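Worksheet for the structure shown next.
The values are calculated or read from the model by the stated rules, or taken from the named source; none is laboratory data. These figures come from a predicted structure and were not determined experimentally. Cβ: placed from backbone, ideal geometry, glycine included. Neighbour counts: every protein chain shown. We work out accessible area using only protein heavy atoms, side chains counted, and drop any ligands, DNA or RNA first. Shrake-Rupley method; radii C 1.70, N 1.55, O 1.52, S 1.80 Å.
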Amino acid sequence: MDRKLLLIILDGVPYRNFRRLFGNLEGWVDSGEARVWKHRAVLPSISASCYASIHTGVSPQEHGCTGNGNVFRLSHKDIFSQVRAGGGVTGAVTHSFWSQFFNRHPFDYVRDIEYDEPESDTINHGRFHTMTGYGHDNQMTPSDVDLFATLTNLCLRFGLNYGILHTCTLDSMGHRFYHECDEMDHACFVMDEMLAPFIPRWRALGYEVIVTADHGQDERGHHGGRGPLQQETALYYFGEAEGPDADHVIDQLQLAPTILGRLGAPVAETMKAASFLR
Ligand SMILES: [Zn+2]
């Protein structure tokens, strides 16, 4: 496999926060380096269910993860398994749910916090965090620049074809402070500024880059249901492919086949949605 792509998931960012507060991403839309569309999450619009659908391309009603309290090793093929089947190298810098869904469950803090498994059928290079103890007053999230740097480190050391990064910072901020406040304005501003220098660096290494969220959040920081603020986020794409018209809404189930198509990896027979890039 000679193609490369990074998927950056900023947990819990509603469409309007991306569009009004992420000045670097929006600037690259204006300059033509990036394209942006609306991206609609599956239902329930809960993190674990969305992670599972993003990576398997099937709905929660099919993969069976009904929420954050129901995490297990999924049986469906996913982006990691298909990149491996296509001869590529995979990496993940994410919440531990990704390791549980796609490699092994339950999560063993010592064994699974960090691993390099070149022969794995799914995740070759994993760096995880569990957010154990997370609550309203203590986010238990790493600094985002540390996560961006860790992903870059894996790309440079192991030549990842596919890498995913996931961070819960903004989801936690939204649950804590809601959205019409200085704290959220600042949190989005800092995220945008921390992420920005890495994007040209990843592009220079030959990666296409997708930046999106798993779901949105409403004015009370809630998500899980059908409200547009809960279900809708933005998706930014940096790469050479052609995409749909600007008013197209990307279905979350399209991410897996789209990413596999860009990498030249086999799309699993269970992934029925069409690619949004060509
Ligand atoms: Zn989430």
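Observations on the model:
- Residue ID - farthest from the ligand (Cβ to nearest atom), chosen from residues in the stretch 36-46 that are open to solvent by less than 10 Å² (accessible area, probe 1.4 Å) and not in a loop (DSSP other than H, G, I, E, B): Trp37
- Condition met for Gly69 (within 16 Å of the ligand (Cβ to nearest atom), of a type in the set (Gly, Ala, Ser) and open to solvent by 10 Å² or more (accessible area, probe 1.4 Å)): yes
- Segments classed as strands (runs of 3 or more DSSP E), wholly inside the stretch 208-256, with at least 2 members that are within 13 Å of the ligand (Cβ to nearest atom), in contact with an Asp or Glu (Cβ under 8 Å, 6 or more places away or on another chain) and not β-branched (Val, Ile, Thr): none
- Subset tally (residues that are among the small types (Gly, Ala, Ser) and out of contact with any strand residue (DSSP E or B) (no Cβ under 8 Å at 6 or more places or on another chain)) for the stretch 229-264: 3
- Count of residues meeting criterion [open to solvent by less than 10 Å² (accessible area, probe 1.4 Å) and either among the hydrophobic types (A, V, I, L, M, F, W, C) or assigned to a strand (DSSP E or B) (or both)] in the stretch 197-207: 2
- Residue match in the stretch 15-22 (condition: closer than 29 Å to Val89 by Cα and either among the hydrophobic types (A, V, I, L, M, F, W, C) or outside any loop (DSSP other than H, G, I, E, B) (or both)): no
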